[in-house]
Amino acid sequence: MLLAAIPSPAEGVWHLGFIPIRAYALCMVAAVVFGVWLSERRWRAAGGEKGAIYDIAVPGVIWGLVGARLYHVITDWQTYFGDRAIKEPYRALFIWEGGLSIWGAVALGGVGVWLACRRRGLALGPMADAIAPGIAFGQAIARWGNWFNQELYGRPTTLPWGLEIDRAHGGEPGVLYHPTFLYESLWTVALGFLLILIGRQFTLRHGQLFAFYVAGYTLGRFWIEGLRIDPVGGVDHAVTFLSLRINQWTSIALFAGALVYLWMTRPKNPAPRDVDGRASTETEVKG
């Protein structure tokens with residue numbers, strides 16, 4: 001008998017007349033709104049121009065959505081193409097059904113932000129540092145969209161916080177699954193607060209706080225990804241290499257890259273001191 005469990009929502013879509021209101025989309029919108037709001041506050045606190053975050057957010061989000069979907073479809077192509085496909089190929093365009101990868105979002109979203117920064121004459125490093133905590137908190141909010149879609153859950157578990165999954169989404173009656181969406185949400189909330197603390201307590205060069213975000217997120221994502229299953233017909237169809245999932249290899253590569261960046265940008269000499277004895281910091285946000 002199950003003593004406790006996290007129930008899955010009865011539905012993830014509501015209708016306002018003929019207009020479908022999808023919980024997944026609402027979570028994405030809430031994530032973007034909160035992330036942009038926090039980033040704007042941080043940017044202004046660092047001396048940045050008012051409204052700059054809002055200007056770079058639009059291309060960043062658009063490019064990020066494209067990248068997020070592309071990465072998902074490329075790494076999960078068998079869902080839409082081939083003999084094991086469970087969805088029609090054209091549904092690869094249906095982002096509201098889930099399947100937005102943070103790797104693709106950060107990669108192409110970063111391109112959109114870089115282009116917007118170049119157009120406005122803003123330095124990318126300070127901008128990346130300003131938005132890093134907002135990205136982490138945004139991920140924490142967005143992961144609840146996976147709960148509504150009953151997707152991206154983990155292996156069966158007997159833990160009291162196991163997640164119930166409907167049979168239509170690959171679950172089995174009486175079986176609980178690791179709520180990996182919740183693990184990642186809690187991890188990224190903690191990461192967001194840690195990034196804010198690091199930024200306040202330490203003298204960092206531009207771009208280093210974003211590197212801490214990458215290292216921190218990939219560290220958690222590696223073990224959370226190891227818990228996940230992607231069931232099709234009761235069989236985990238995740239793409240693996242040398243017993244690790246592709247997203248775990250991506251985590252390893254990005255974690256290593258972040259550490260290399262932090263090492264290469266470490267101070268070679270003690271930080272110069274201001275006249276009052278405090279270590280000087282980089283505050284210039286335009287470049």
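The values are calculated or read from the model by the stated rules, or taken from the named source; none is laboratory data. Just so it is clear, the model here is predicted, and its values are computed rather than measured. No Cβ is skipped: glycine too gets one built from the backbone with ideal geometry, and neighbour counts run over all protein chains shown.
Reported count of residues in segment 126-158, each being modelled with pLDDT under 90 and not in a loop (DSSP other than H, G, I, E, B), is 1.
Taking the criterion of being over 16 Å from residue 169 (Cα atoms) and not hydrophobic (A, V, I, L, M, F, W, C), the residues of segment 5-27 that qualify are 15, 17, 20, 22. Contact map, segment 47-58: residues that are closer than 17 Å to residue 133 by Cα paired with residues that are among the charged types (D, E, K, R), Cβ distance under 6 Å, separation 6+ or inter-chain. Pairs shown: 53/40. Only one of the listed residues (222, 210) is within 15 Å of residue 132 (Cα to Cα) and of a type in the set (A, V, I, L, M, F, W, C). That residue is 210. Within segment 1-28, the residues that satisfy the criterion of being surrounded by 13 or more Cβ atoms within 10 Å (Cβ to Cβ) and either of a type in the set (Val, Ile, Thr) or assigned to a helix (DSSP H, G or I) (or both) are 6, 13, 23, 24, 25, 26, 27, 28. One residue alone among 132, 107, 128, 116 is closer than 16 Å to residue 34 by Cβ and of a type in the set (A, V, I, L, M, F, W, C), and that residue is 132.
For every residue, the table says whether it meets (1) in a loop (DSSP other than H, G, I, E, B); (2) in contact (Cβ under 8 Å) with a residue 40 or more places away in the chain; (3) over 23 Å from the mean Cα position of the chain (by Cα).
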site	(1), (2), (3)
160	yes, yes, yes
185	no, yes, no
215	no, yes, no
251	no, no, no
254	no, yes, no
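The residue of segment 189-213 that is surrounded by the fewest Cβ atoms within 10 Å (Cβ to Cβ), among those that are touching a residue at least 40 places away in the same chain (Cβ under 8 Å) and among the polar types (S, T, N, Q), is 203.
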